[in-house]
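J.: I'd like to ask some things about the structure below.
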Amino acid sequence: MVQERILVLGFRRELLRIIEDRGIPYVLWTEKRYKLKGCKPIDCIVSDFFDDSFKIQAILNDREIERISHVIASTESSVVCAYFARRLLKTRVNSKALVERCTDKLIMKKFLHEVGIPMTEFTAVKKNLDLKKVSKELDLPLVVKDRVNSGGRGTVISSNLEVIEKNLKEDRLIEKFVEAPEASVETFIHNRKILFTNVTEYFRKSGVNIIPASFAEAELKSILELNEKVIEAMNIKWGVTHLEIYRSKKGPLFGEIALRPPGGYIMDLISMSYGFNAWEAFLDIETGIEPELNPEILSHSGVVIIHPGEGILEDIKGWDKVALNRCVVETQLSVEVGGKIKNRDGVSAEIGHVLLTSSEYKDIVDAVNYIDKTVEFTVAAN
């Protein structure tokens, strides 16, 4: 039997721990240097992720890449690079068309729009764009976002055409603004079969996620039906997908889909709510094994993601009381008083978080409100 050896692109500590627990040798490729804290890859590559076979081949030369059996993309920025690495290393690979449709929002939306998936109106940013005409067709405010990015990075929402015009680049697209709450669907797929789905409630966008979503049965059904249609249209054969939707009054609207594990601690919340390790299941699927997954909801769980704004953290009040709430299972704060808080350029930017779990959805909401009332951060401008 040929021993497994994995090339992991992107730093997701929980995934690395599972790989190590299984005794599988792995090479880690990250865009920046991390404190590995016990993680022991056989080799570590610190480099940008590329979409060019020649550059990737040059990076892999003289590395511990002999007998690589699987290539795993664990972050959004690594998906395209992983595609080329899989081809070079002759491991299991998705089609180039699928990878493009799951990473380039313009290609994604054009394709799914053509097959009848409901979504907000959009247009590409191109030379000689008539912005006034676009604003009349789509209405104000307008949303400008990067074609290739995640977590809200680079997104601008404005009714001011001067602001919009300053943010127009040919690697972006413009969307009609949707006044609706958002949610996401996480799906585990093996050999074309959907093994598990979860709907995550964005209780507070970019700040609080709750699993499972407490929506009416009819709405949940329509969200899951949209998810299945998208996965079928995309012809996704294996992997973990993260589909974001707008909960409009007329029904769910497609936002975007990613072929990689979600951020926002959603994998941790899935593990707590359903009783199986979501990262283990992801590793199984990536290595061709069908995981045993529990579709039954065992508990409700949530996360409060903390980012009080850019500047110098002058004071924290009430943080020591957070753990007293009976729903709290983990607290983490990475910045001390006097420390600098960087600008929040995406959902993943944070200075801490609180994980919650309870048998009742209401308890999670009450715990979120408790944290809001108890904790106060004082931040001064740089």
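J.: Spot the failing condition for E175; the list is (1) part of a helix (DSSP H, G or I); (2) surrounded by 14 or more Cβ atoms within 10 Å (Cβ to Cβ), and only one is missed.
T.: (1)
The rows are residues; the columns are (1) buried (at least 16 other Cβ atoms within 10 Å of the Cβ); (2) farther than 30 Å from G339 by Cα; (3) over 22 Å from the mean Cα position of the chain (by Cα); (4) of a type in the set (S, T, N, Q).
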residue	(1), (2), (3), (4)
S273	yes, yes, no, yes
E290	no, yes, yes, no
L293	yes, yes, no, no
E296	no, yes, yes, no
V304	yes, no, no, no
G311	yes, no, yes, no
L324	no, no, yes, no
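J.: Can you name every residue in the stretch 337-357 that is of a type in the set (G, A, S), part of a loop (DSSP other than H, G, I, E, B) and in contact with a strand residue (DSSP E or B) (Cβ under 8 Å, 6 or more places away or on another chain)?
T.: Those that are of a type in the set (G, A, S), part of a loop (DSSP other than H, G, I, E, B) and in contact with a strand residue (DSSP E or B) (Cβ under 8 Å, 6 or more places away or on another chain): G338, G339.
Per-residue answers, yes or no, for (1) surrounded by fewer than 18 Cβ atoms within 10 Å (Cβ to Cβ); (2) part of a loop (DSSP other than H, G, I, E, B); (3) in contact (Cβ under 8 Å) with a residue 12 or more places away in the chain:
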{"residue": "V8", "(1), (2), (3)": "no, no, yes"}
{"residue": "R17", "(1), (2), (3)": "yes, no, yes"}
{"residue": "V27", "(1), (2), (3)": "no, no, yes"}
{"residue": "R33", "(1), (2), (3)": "yes, yes, yes"}
{"residue": "K37", "(1), (2), (3)": "yes, yes, yes"}
{"residue": "D51", "(1), (2), (3)": "yes, yes, yes"}
{"residue": "F54", "(1), (2), (3)": "yes, no, no"}
{"residue": "A58", "(1), (2), (3)": "yes, no, no"}
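J.: Give the residue, chosen from D146, D139, D171, that is outside the structural domain of A216 (by TED's automatic domain parsing), under 20 Å from the mean Cα position of the chain (by Cα) and in contact (Cβ under 8 Å) with a residue 24 or more places away in the chain.
T.: Answer to the selection: D146.
J.: Just the residues that are at positive phi and at pLDDT 90 or above, please, taken from the stretch 111-145.
T.: Scanning the stretch 111-145 gives G116, D139.
J.: So S78 clears everything in (1) within 20 Å of the chain's Cα centre (by Cα); (2) among the hydroxyl-bearing types (S, T, Y); (3) surrounded by fewer than 17 Cβ atoms within 10 Å (Cβ to Cβ) except one condition, right? Which one?
T.: (3)
The values are calculated or read from the model by the stated rules, or taken from the named source; none is laboratory data. Not measured: the values here are computed from a predicted model. Heads up, the Cβs are rebuilt from the backbone with ideal geometry, glycines too, and the neighbour counts pull from every protein chain shown.
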